[in-house]
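Enquirer: I'd like to ask some things about the structure below.
Read the figures in this text as sums done on the coordinates, not as results from a lab. Everything numeric here is computed off the predicted structure, so don't read it as measured data. Cβ placement follows ideal geometry from the backbone for every residue including glycine, while neighbour counts extend to all protein chains displayed.
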Amino acid sequence: MRGIAKQAGWTNVKALDCCDALFFAPDQTTLETDMPVRRRSNGSLMVAHVAGLIDMVALPVWINTLIEYFHFDPQRAGALATTYLACAVVCSACVAPLFSHLPRRIMAAGGFAVAVCGFWLAAHAVAFGAMFAAHAAAGVGVGCGLSVAHGEIGKAGNPHRLFAMSHLALGLFGVAYFAVVPSLIAHHGGVMLFFVFVALALAAALALAIAWPVADAPDDAGHPDTRGTGRRKMRLERGCWSAILGIVFMMINQAMVYSFLQHLGLVRGFGDARVNGVLVAVGLVNLLPPVLAAVLERRLDARNVALCGPVAQAVLALVLTSTTGFAAYAFAASLWVFATIFTHTFLFGFLARLDTTGRAVAYTPAMLMAGSAIGPLLGGALLQRSGFGAIGIAAVMIGLISFSFFSRLRSLEPVQPRFDVPSGVDSL
């Protein structure tokens with residue numbers, strides 16, 4: 001905009017700055033002065049968030065499909081899901097530290113393109129080895145693409161709000177998923193599950209390739225990036241690892257209890273109809289925390305929310321694992337995922353302000369999927385050996401660990417959120 005105006009003979013610098021602020025995001029830059037600036041498109045990042053975290057919605061149907069339609073035993077079906085999650089975690093952990101130095105649009109779109117290939121191979125695989133390779137490839141692709149997308153969300157004008165809206169989109173997709181996909185699988189076979197995954201990953205790859213929110217610039221100032229100019233440049237800001245590890249333990253708690261939520265209700269004798277009704281209620285309640293987190297962003301301190309999250313998890317876990325009454329079970333189950341999403345949304349915004357390079361929030365897939373991989377295994381071992389009470393006690397102990405990490409954030413003062421960013425900057 002500034003270059004075009006200068007060629008037209010305009011000299012009012014403030015007016016030019018206002019035009020730039022209205023039409024382009026503040027972190028959009030160009031590699032060359034004659035290259036056009038890309039228009040921000042946060043919608044592409046939201047599509048990537050939904051496609052990349054599909055396991056949070058689809059994992060129960062995913063494993064059941066591998067058992068019922070692909071005829072793998074439960075151990076092998078679980079191993080395939082673990083392979084996908086483990087590859088995503090490892091890839092995310094490798095990509096996140098390099099986020100500032102990567103060609104982000106290419107890496108994000110390319111990662112989901114690899115996931116498309118992996119899911120397509122899974123749809124046509126018969127042998128366990130081919131299915132294993134397909135899940136590994138899909139996990140690597142999603143881990144790469146989603147890490148870069150989450151890092152870019154962290155560099156948005158208001159990362160807290162954008163992450164909240166991305167979670168809301170995931171919740172809405174989850175409602176549609178359970179309304180449509182199980183019937184598709186029942187009528188057309190298990191391959192439909194992976195065709196849905198292919199469509200989601202392809203949509204994310206195309207959206208990121210076509211509508212990446214910023215131009216591929218080395219840094220926010222538009223200056224050449226001094227790569228490898230010292231080890232300190234690779235370090236995260238003080239306190240980032242405390243927040244990251246605290247989130248990891250919260251997600252372990254989340255997956256450990258949630259994985260056996262339905263089984264617990266059935267063992268307690270509440271019946272299929274009432275337990276399934278609770279699960280439907282959980283899906284609907286999960287639409288609320290992203291909206292509330294966005295509305296309360298200015299009213300609540302993220303550090304206080306972080307301390308309340310593990311406490312809420314511990315209390316709800318004890319209620320779930322010790323109660324014999326349906327009302328208490330339904331109430332605690334409905335709020336279980338709510339507490340996690342609400343807390344994590346505030347922590348995402350806090351991390352994005354604490355480390356403005358986007359590298360800290362680029363670890364988000366690793367944080368989430370590490371919990372998904374460890375939690376069910378730990379919960380199953382505790383349940384088999386000591387019963388549901390052991391899961392409740394373990395949830396309290398893990399909550400204390402998470403609380404101790406979050407307590408270290410009290411002394412930190414991150415960059416204040418940019419509430420004064422023009423409305424056009426964060427438009428979808």
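Enquirer: Obtain the radius of gyration and the Kirkwood radius of segment 44-219 from its C-alpha atoms and give Rg over Rh.
Expert: Taking Rg over the Kirkwood Rh, I get 0.98.
Enquirer: Here is a follow-up. Suppose each label sits 7 Å from its Cα in the direction of the beta carbon; what would the residue 410-residue 298 distance come out to in nanometres?
Expert: 2.8
Enquirer: Right, here's the next one. Residues with beta-carbon under 14 Å from that of residue 405, excluding residue 405: net charge, scoring Lys, Arg +1 and Asp, Glu -1? Walk me through the numbers on the way to the answer.
Expert: Details: positive: 238, 303, 408, 410; negative: none.
So the surrounding residues net to +4.
Enquirer: Above 13 Å lies some portion of the pair distances; for segment 128-199, what is it as a whole percent of all C-alpha pairs?
Expert: Of the Cα pairs, 76 percent sit more than 13 Å apart.
Enquirer: Give, as a single signed number, the net charge of other residues whose beta carbon lies under 15 Å from the beta carbon of residue 324, with Lys and Arg counted +1 and Asp and Glu -1.
Expert: Neighbourhood net charge equals +2.
Enquirer: Then there is this: Bin all alpha-carbon pair distances of segment 46-115 at 5 Å intervals from 0 and give each bin's fraction as a whole percent.
Expert: 3, 14, 20, 23, 17, 11, 7, 4, 1
Enquirer: Stretched out fully, how many nm does the piece from residue 377 to residue 322 gain, at 0.36 nm a residue minus the Cα gap?
Expert: 17.7 nm
Enquirer: Report the local net charge at residue 266: Lys and Arg +1, Asp and Glu -1, summed over other residues whose C-beta lies under 15 Å from its C-beta. Don't skip to the answer; put the middle values down first.
Expert: Values: positive: 268, 274; negative: 272.
Net charge in that neighbourhood comes out at +1.
Enquirer: Just round it to a whole percent: the fraction of Cα-Cα distances in segment 237-410 exceeding 21 Å.
Expert: 47
Enquirer: Once the piece of chain linking residue 385 and residue 133 is laid out straight, how much longer is it, given 0.36 nm per residue of separation minus the C-alpha distance between them?
Expert: Roughly 87.4 nm would be gained on extension.
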